[in-house]
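Visitor: First the structure, which I've put down as structure tokens, then a few questions once you've had a look.
The values are calculated or read from the model by the stated rules, or taken from the named source; none is laboratory data. Just so you know, these numbers come straight off a predicted model, no measurement behind them. As a convention, Cβ positions derive from the backbone with ideal geometry for all residues, glycine included, and neighbour counts pool all protein chains shown. All accessible areas refer to the heavy atoms of the entire protein, side chains included, with ligands and DNA or RNA removed. Shrake-Rupley method; radii C 1.70, N 1.55, O 1.52, S 1.80 Å.
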Amino acid sequence: MIKSAVTISLVKEAEGGPFIFWHDLAAGCAKAAELGYDAVEVFAPNADAIPVDELRGLTAQHNLKVAAVGTGGGWVIHKWHLCQPDAASRDNAKNFIRAIIDAGAQLSAPAIIGSMQGRFEGDVSKKQAHDFLRDALNELGEHAKAAGVPLIYEPLNRYESNLLNRAEDTVEFLGTLDTDNVVILADLFHMNIEETNISEALRTYGKHIGHVHFVDSNRRPAGCAHMDYAPIAAALKETGYDKYASAEAFPWPDSDAAAKTTIDAFNKHLA
Ligand code: LER
Ligand code: MN
């Protein structure tokens with residue numbers, strides 16, 4: 001059974017970004033529970049800003065889980081990423097992510113590497129950047145394994161990263177990792193930009209999929225644009241996918257309406 005989740009952002013610098021609830025964990029958890037969500041996905045500015053005890057209490061009170069924790073604050077706030085040319089900057093990025101892996105693991109929630117993967121540019125070649133990314137995923141993937149959680153890697157669209165944009169390239173790259181603890185985040189918004197056929201690409205990912213960002217083609221909530229969810233749902237079910245479909249979308253027209261629209265689409269297509 002696929003499970004539903006909804007994003008809560010605690011990151012001031014990310015305002016205007018694709019997150020449903022903002023700045024208030026208690027209110028976000030209460031609304032998520034009221035609408036029937038299974039879990040929340042939390043985006044915090046850094047590891048210390050993940051209130052592990054408070055989240056334990058809120059999720060117990062509302063019978064929710066924490067589906068995942070984001071790491072993009074390192075990029076949004078500090079402009080750190082895993083493919084910077086100097087080792088000290090890459091270490092900052094890795095340490096930032098490692099701390100979020102540890103905080104999330106206390107809630108059994110895996111961390112997501114999305115924007116923190118970075119890109120190749122300037123003196124860093126594509127091959128060099130892929131080597132940096134491979135080393136980081138091996139190291140952080142094994143770190144997450146020791147903490148008892150997978151590590152989620154999210155391919156992004158071409159306007160956000162030039163490392164890995166499509167399923168067939170990503171699966172080939174996964175085959176070069178030493179760790180077996182990295183899973184893929186299939187974000188339907190990014191896939192809609194890059195893939196020829198989203199459901200075929202989901203089949204290409206197959207068992208590698210460990211998380212889904214459930215959203216429409218224009219990054220509004222699922223059901224607000226032209227994404228064709230029937231073949232997407234069929235492909236996910238065919239691969240045996242049983243993790244989260246998490247609402248990462250603009251809070252359009254507002255947070256509560258976006259959460260309601262998404263859970264209705266989830267119940268229609270994925271439940
Ligand atoms: C960024 O576009 C995104 O989809 C986030 O989930 C990545 O951190
Ligand atoms: Mn995403």
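Visitor: Within segment 77-97, what residues put their amide N at less than 17 Å from the label point 7 Å along the Cα-to-Cβ vector of Lys12?
Guide: Under cut-off, by backbone N: 77-79.
Visitor: May I ask you to list the aspartates and glutamates whose Cα is less than 14 Å away from that of Lys268, ignoring any residue fewer than eight positions away on the same chain?
Guide: Partners found: Asp228.
Visitor: When you take every Cα atom in the chain, what is the radius of gyration, and what is Dmax, the widest Cα pair distance, in Å?
Guide: In order Rg, Dmax, the Cα atoms of the chain give 17.1, 51 Å.
Visitor: Starting from the Cα gyration tensor of segment 152-196, take the square roots of the eigenvalues, sort them a ≥ b ≥ c, and report rounded, prolate or oblate (rounded when a/c is under 1.5, otherwise prolate if a/b is larger than b/c, else oblate). Mind dumping the intermediate values first?
Guide: Details: a/c = 2.08, a/b = 1.83, b/c = 1.14.
Prolate shape, in that a/c is at least 1.5 and a/b is the bigger ratio.
Visitor: Along each of the three principal axes of the Cα atoms of segment 47-148, give the extent in whole Å, ordering the values from largest to smallest.
Guide: 51, 27, 18
Visitor: Students often forget the sequence filter, so: which lysines lie under 17 Å Cα-Cα from Lys127 once same-chain residues fewer than 8 apart are removed?
Guide: Cross-link targets: none qualify.
Visitor: Rounded to the nearest 0.05, what FRET efficiency do Asp178 and Asn92 have when you use their Cβ-Cβ distance and R0 = 25 Å?
Guide: On the way: r = 23 Å, r/R0 = 0.93.
So, using R0 = 25 Å, E works out to roughly 0.60.
Visitor: Send over a whole-number figure in Å² for the accessible area per residue of the chain, probe 1.4 Å. Mind showing how you got there, number by number?
Guide: Details: 10930 Å² over 271 residues.
Counting only protein heavy atoms, the per-residue value for the chain is 40 Å².
Visitor: At a 1.4 Å probe radius, carbon and sulfur cover how many percent of the accessible area of segment 52-100? Walk me through the intermediate numbers first.
Guide: Values: 1060 of 2150 Å².
For segment 52-100, the apolar C and S fraction of the accessible surface comes to 49 percent.
Visitor: Given only helices, namely DSSP H runs of n ≥ 4 each adding -39500 (n - 2.57), what is the per-residue ellipticity at 222 nm of the chain, to the nearest 500 deg cm²/dmol? Mind showing how you got there, number by number?
Guide: On the way: 10 runs with 117 residues, N = 271.
Mean residue ellipticity at 222 nm (helix-derived): -13500 deg cm²/dmol.
Visitor: Of all accessible surface on segment 104-173 at a 1.4 Å probe, what whole percent is carbon and sulfur?
Guide: Details: 1310 of 2920 Å².
Ligands and nucleic acids excluded, carbon and sulfur give 45 percent.
Visitor: Between segment 222-271 and segment 31-96, how many Å separate their Cα centres?
Guide: What the calculation gives is 21 Å, centre to centre.
Visitor: Assign one of three labels to segment 86-204, namely rounded, prolate or oblate, based on the Cα gyration tensor with a ≥ b ≥ c the square roots of its eigenvalues; rounded applies when a/c is under 1.5, prolate when it is not and a/b is larger than b/c, and oblate otherwise.
Guide: Numbers: a/c = 1.77, a/b = 1.20, b/c = 1.48.
Judged from the Cα gyration tensor, segment 86-204 comes out oblate (a/c at least 1.5, b/c at or above a/b).
Visitor: Would you mind putting 51-61, 254-264 in packing order, based on average other-beta-carbon counts within 10 Å, highest first?
Guide: On the way: 51-61: 14.9, 254-264: 19.1.
Sorting 51-61, 254-264 by mean packing, highest first, produces 254-264, 51-61.
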